[in-house]
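To start, the structure under review is shown below, and the notes come after it.
The values are calculated or read from the model by the stated rules, or taken from the named source; none is laboratory data. These numbers were taken from a predicted model, which means no experiment stands behind them. Here the Cβ positions follow ideal geometry from the backbone for every residue, glycine too, while neighbour counts run over all protein chains shown. Areas reflect the complete protein model, heavy atoms only, side chains present, ligands, DNA and RNA absent. Shrake-Rupley method; radii C 1.70, N 1.55, O 1.52, S 1.80 Å.
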Amino acid sequence: MNGNSFLDGRTDGAVDSRERLQEFCFDYCYWSVDPADPHHASQEEVFQDLGVSVLAAASEGYNVCVFAYGQTGSGKTHTMMGTPDSIGLTPRICQVCQWIIIFLEIYNERVRDLLRRGEQKKRASLRVREHPEKGPYVQDLSQHVVSDCKQAMDLLEEGIANRITAATHNHDASSRSHAIFTIQYTQAILENNLPSETVSKINLVDLAGSERADPHYCRDRLTEGSNINKSLVTLGIVISALAQNSQMSSSCQSINSMASEGDGSTVGSHSSSLSGGGGGGGRRHCFIPYRDSVLTWLLKDSLGGNSKTIMIATVSPSINSYNETLSTLRYAAHARNIVNKPRVNEDANVRLIRELREEIDRLKSMLLSFEMQRNPSPSLSDERDGILSDIVLQNELKVTYNQRLGCKKILIL
Amino acid sequence: MKQSWRAICEKFTNAQNLTEVESLHDPENDPFRSKYKARELLREIYCSLKKNSPAGLRVAKLGAVEYYLGVNHVDTEELSAGQEHLMNCVKLLEKCRVSSDNVSLFIHVRNQLGILWAGRDETEEAQGFLETAESIYQRYMKEVRFELAYTHSMYYLAQVYKNLGQTERAATYCHSTLQRQLQLNQYNPMEWALNAATLSQYYITKGRYMEGRHCLAAATVISGLAGEVPSEAAAQESETECERREQLRQKRAEIARCWIKYCLNLLQDAKKLLEDNIGELDTDRQEELKNARRLEEEEEEKGRKSALLFGSEDTFDSIASLEEKVHCLFPLDFTEARAVFLVGQNYITQAKDYFQMDGYVTDHIEILQDHSALFRALAFFEEDLERRCKMHKRRVDMLEPICNELNTQYYLMIRRQLMFELAETYNEMMDLKLTLANRQADTQSLDNHTIKKFNHLCSASAKYFQMFLDSLCSPEGKFPEHLEEEVLRPALVARFRVARLHSRLISSSPPVQLDNLNRALENYKYVVQYCEAHPEAGAAVETELELSTEMVGLLPLKINRLKARMAANN
């Protein structure tokens, strides 16, 4: 690791017989393998860098989203949740806020309430919906009001205990689901001297382990991984990625000269192709019937527009995890470009431009004729205004009043 | 020997059963339980074979077991071990000749290695394995048994080509995969239909409407094979029926949305071909294209169709008859355009029926936006200006209420799009009203009513552009000093348009005129000043900047004249 660059190199020929260095650049890089190491980055340090900017943004009325992604065992949960001795980002943020908390888990595209109380079928999946006033929400998800940080921590622990974990040969407790812990708070503000409120959300997301190879799991379209899907069930993903990429590059020379939407694919299927009517240049917009994964959908408003997003990628220092580490780094690097920014498309409106040019020409010629009629003698400069008004009356074609006739004659320029 | 062979076969059957059937029921907190058991059995088989089989046959059989062990490890996320087993299989098979017995294994193991390497982003390695698999198939294909393996190879190759950026080839492989699925009757109708509909969108973005239409027609026909939608009553009774009802309705609605895009793009592309340099229909070009079309029609159809047909005997006809209901060639006049419009509108209704506002806000609005775009495209072909204006009015009536209904925080992006579209639509209507009025009058007079109407439309347009600009403000109401890249151009264009609109407002009162001109100047100035302060912004709005600069220079002249006149009249 070198400052903000992460160099990933292999020197032995154990599995891959390549010797090369790969470099990735990030906003921050932390080395936390050995606490005794002088470069060791503590939970506190991570909070100072990232947590504080999260809180600052939220207090300004932005929605914030923090993702943790990486191989199982590389430190995601440590970073996001931590342990009682070494608390992570989420509890630290909770210490500063007091608000409404929801905690849900997404497993195999099904949503589960991690803070459910009482009788609820274990497998029941909650429905995600969108309401014009309320926005996107999970139906029947329990909300918990907290007024101090201990309450928040208790909820966090309760939810964690309810997460689906599994023991496989590789790991003792691998998390096979995404977990989203949302802190929502309402801030009373004065808008134009009237009391109003803004609602801000902080979403803290612990993404499932990155080495999953489940063929039935439709990888989030948060990024276009190059993983080949085995099952023909996922033919749709391939075709939709084709269509999406093709849509991106189908534009001809456009009057709308905005930069392209980052490399490769973007998050969300059709939401990024929202257009108000075709645009002036020539990009063909289509509809890709691939439902966003539940994760992407729920965090839609966090992934673009009025939000700030932070992604933390955790990697193992072990040489055996080279491939997974590389994969994680690629994913994270790519994620920087995924921000979903639906465009406003506008008309070329060539007619308007032409008409305006014509008006400009008319005004210019008027200016010219005025100057030609100008008396060259400086002694008459005092009377210039008088002359000016005469000229105006003679040359002005814009509006004439004919009060005798009781109607207005107007030549629109 | 025989008995031991039978025992081995039984064990193998068990292992397969565990892998394919039992594993589906494994609990969430122990998801690989059955596969671990299967692995044990496979290992036992391996040992037995090694000890007991005659040497010659042994190699191929061991190879098979290595294959299954490889797949087992990959499925349980132990990729390195999986790769080892798969490579062992390849090495063992190299010692055998390819025969009809083992060719399927030859193909399968390479498919698996292809997937594995692709998963490591080593797309070229992956391609190597998969193309070998493909060529083995080509050489030995005779039996239906391998068809599915080949279908998979094609599918994996499609993915590899996509990753390599060879989209045209990838699309062809996807298309072939779909074709084969139909021919082999190995498909789930609803899934197949959705995939075909998605592929149609790829074709549409490439402007290949004939292929796109074929995919869509096939999608519609095959989706019908998925059966009846369970009634609401049935859905209430059972959770599975409820889910099934949701699934079917949703997917059919999504196919409808793909059709909408087909109609919309066809109309828009036709418009681009036919428009002159001010965006009106060029009758000469229209004549030209109509003549050209007559000549090309037949040739094209024959040429392309043969390679691409979907379907089986029962479905060919239904697909063809659906295709006949809508053109794939560009509409060149109002009648043809209207026909396409009506097909699109029909699908709008279908789609809206499922994607209702309460529950599917974003989808519902996208559909409305498409409907608005359909009207806009059709308006281009409409010669009668009065009717044209009515079409734009339909758009406003559709979008205006929605814009005001949405939560400003959650739907910020969508609202911005709607505001911009409403602003432009009102502007369009304003221009039409003026043109109509000017045509009617021989003397150039406008009556009060027309002026009022014109001003109303003008103000409405300005209002929505201003609303768009206001939406960029911070929660405290402050306009940003620096405009983000994705709103830069729309924001500057909005300013420019507001300026222009204010200078077009009609008033008989000089103070009001003065006020309008001042506001126009203010907005033109903003554009110029912003671009001065942010030099890179100029590139995004070249024309608007140029014109704004001119106006900043010339408007003061007009303003001064007006002031002078006002002074003179007092």
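Examine segment A:83-98 for a residue that is among the polar types (S, T, N, Q), within 30 Å of B:P401 (Cβ to Cβ) and either modelled with pLDDT of 85 or more or open to solvent by less than 20 Å² (accessible area, probe 1.4 Å) (or both), and state whether such a residue exists.
No - not one qualifying residue is present in segment A:83-98.
For the list (1) modelled with pLDDT of 85 or more; (2) charged (D, E, K, R); (3) assigned to a helix (DSSP H, G or I), I need the number of the one condition that B:K325 fails.
(3)
Given the options B:E84, B:E124, name the one that is surrounded by fewer than 22 Cβ atoms within 10 Å (Cβ to Cβ) and under 24 Å from B:Y150 (Cβ atoms). Break it down into steps so the answer makes sense when it comes.
Details: B:E84 fails: under 24 Å from B:Y150 (Cβ atoms).
The unique qualifying residue is B:E124.
Select, from A:L326, A:L295, A:L352, the only residue that is modelled with pLDDT of 80 or more and open to solvent by less than 20 Å² (accessible area, probe 1.4 Å). Let's see the steps before the verdict.
Numbers: A:L326 fails: modelled with pLDDT of 80 or more; A:L295 fails: modelled with pLDDT of 80 or more.
When all the criteria are applied, what remains is A:L352.
If I ask for residues that are out of contact with any Phe, Trp or Tyr (no Cβ under 8 Å at 6 or more places or on another chain), more than 10 Å from chain A (Cβ to nearest Cβ) and touching a residue at least 24 places away in the same chain (Cβ under 8 Å), which ones from segment B:448-457 would you list?
B:N455
Which of the numbered conditions does B:Y360 fail, given that it passes all the others? Conditions: (1) of a type in the set (S, T, Y); (2) surrounded by 19 or more Cβ atoms within 10 Å (Cβ to Cβ); (3) over 20 Å from B:I414 (Cα atoms).
It fails just one condition, (3).
Residues in segment B:252-274: is at least one at pLDDT below 90 and either surrounded by 15 or more Cβ atoms within 10 Å (Cβ to Cβ) or over 30 Å from B:R376 (Cβ atoms) (or both)? Full working, then the answer.
Quick first cut of segment B:252-274, residues at pLDDT below 90 only: none.
Scanning segment B:252-274, I find no residue that is at pLDDT below 90 and either surrounded by 15 or more Cβ atoms within 10 Å (Cβ to Cβ) or over 30 Å from B:R376 (Cβ atoms) (or both), so the answer is no.
Tally time: how many residues in segment A:122-160 are among the basic types (K, R), outside any strand (DSSP E or B) and within 14 Å of chain B (Cβ to nearest Cβ)? Give the derivation first.
The initial filter retains those residues of segment A:122-160 that are among the basic types (K, R), namely A:122-123, A:127, A:129, A:134, A:150.
Still in the running and outside any strand (DSSP E or B): A:122-123, A:127, A:134, A:150.
From what is left, the residues that are within 14 Å of chain B (Cβ to nearest Cβ) are A:122-123, A:127, A:134.
Matching residues across segment A:122-160 total 4.
Based on this model, can you work out whether B:K61 counts as over 45 Å from the mean Cα position of the chain (by Cα), over 24 Å from B:I107 (Cα atoms), at pLDDT below 90 and not aliphatic (A, V, I, L, M)? Outline the logic, then answer.
Numbers: over 45 Å from the mean Cα position of the chain (by Cα): yes; over 24 Å from B:I107 (Cα atoms): no; at pLDDT below 90: yes; not aliphatic (A, V, I, L, M): yes.
When the stated conditions are applied, B:K61 does not pass them.
Within segment B:402-444, restricting attention to residues that are part of a helix (DSSP H, G or I) and among the acidic types (D, E), which residue is nearest to the chain's Cα centre (by Cα)? Walk me through it before giving the result.
In the first step, residues of segment B:402-444 are kept if they are part of a helix (DSSP H, G or I); the result is B:402-405, B:412-440.
Next, only the ones that are among the acidic types (D, E) stay: B:405, B:421, B:424, B:428, B:431.
Details: B:E405: 27, B:E421: 21, B:E424: 24, B:E428: 28, B:D431: 33 Å.
The selected residue is B:E421.
In segment B:413-441, what residues are under 12 Å from B:F468 (Cβ atoms) and more than 8 Å from chain A (Cβ to nearest Cβ)?
B:R415, B:M419, B:L422, B:A423
With respect to the numbered conditions (1) more than 8 Å from chain A (Cβ to nearest Cβ); (2) touching a residue at least 40 places away in the same chain (Cβ under 8 Å); (3) open to solvent by less than 20 Å² (accessible area, probe 1.4 Å), which one is the sole condition not fulfilled by B:Q350?
It is condition (3) that B:Q350 fails.
Which members of segment B:483-504 meet the condition of being part of a helix (DSSP H, G or I), at the interface with chain A (Cβ under 10 Å from one of its Cβ atoms), over 25 Å from the mean Cα position of the chain (by Cα) and of a type outside the set (A, V, I, L, M, F, W, C)?
Answer for segment B:483-504, where residues must be part of a helix (DSSP H, G or I), at the interface with chain A (Cβ under 10 Å from one of its Cβ atoms), over 25 Å from the mean Cα position of the chain (by Cα) and of a type outside the set (A, V, I, L, M, F, W, C): B:R497, B:R500, B:S503, B:R504.
Can you confirm whether B:R561 is basic (K, R), under 23 Å from B:D431 (Cα atoms), crowded, with 18+ Cβ neighbours inside 10 Å and facing chain A (nearest Cβ under 10 Å)?
Values: basic (K, R): yes; under 23 Å from B:D431 (Cα atoms): no; crowded, with 18+ Cβ neighbours inside 10 Å: yes; facing chain A (nearest Cβ under 10 Å): yes.
No: the conditions fail for B:R561.
Where in segment B:140-256 are there helices (runs of 4 or more DSSP H), lying fully within it, with 2 or more residues that are over 28 Å from B:D101 (Cα atoms) and within 11 Å of chain A (Cβ to nearest Cβ)? Before you say what the answer is, go through the steps one by one.
On the way: elements: B:147-163, B:167-183, B:189-205, B:209-224, B:232-237.
Hits in segment B:140-256: B:147-163, B:167-183, B:189-205, B:209-224.
Of all residues in segment B:497-515, which are touching a residue at least 24 places away in the same chain (Cβ under 8 Å), of a type in the set (K, R) and out of contact with any Ser or Thr (no Cβ under 9 Å at 6 or more places or on another chain)?
B:R504
Could you tell me whether B:E486 is out of contact with any strand residue (DSSP E or B) (no Cβ under 9 Å at 6 or more places or on another chain), at pLDDT below 90 and among the acidic types (D, E)? Break it down stepwise before answering.
Details: out of contact with any strand residue (DSSP E or B) (no Cβ under 9 Å at 6 or more places or on another chain): yes; at pLDDT below 90: yes; among the acidic types (D, E): yes.
Considered against the rule, which asks whether it is out of contact with any strand residue (DSSP E or B) (no Cβ under 9 Å at 6 or more places or on another chain), at pLDDT below 90 and among the acidic types (D, E), B:E486 comes out as yes.
Given the conditions (1) in contact with a helix residue (DSSP H, G or I) (Cβ under 8 Å, 6 or more places away or on another chain); (2) of a type in the set (A, V, I, L, M, F, W, C); (3) open to solvent by 30 Å² or more (accessible area, probe 1.4 Å), report the number of the one that B:A233 does not fulfil.
(1)
Being within 12 Å of chain A (Cβ to nearest Cβ), open to solvent by 10 Å² or more (accessible area, probe 1.4 Å) and in contact with a strand residue (DSSP E or B) (Cβ under 7 Å, 6 or more places away or on another chain) is the requirement here; does B:S471 meet it?
no
Among the listed residues B:L418, B:L422, which satisfies the condition of being free of Cβ contacts under 8 Å to residues at least 60 places away in the same chain and in contact with a Cys (Cβ under 6 Å, 6 or more places away or on another chain)?
Working: B:L422 fails: in contact with a Cys (Cβ under 6 Å, 6 or more places away or on another chain).
It is B:L418.
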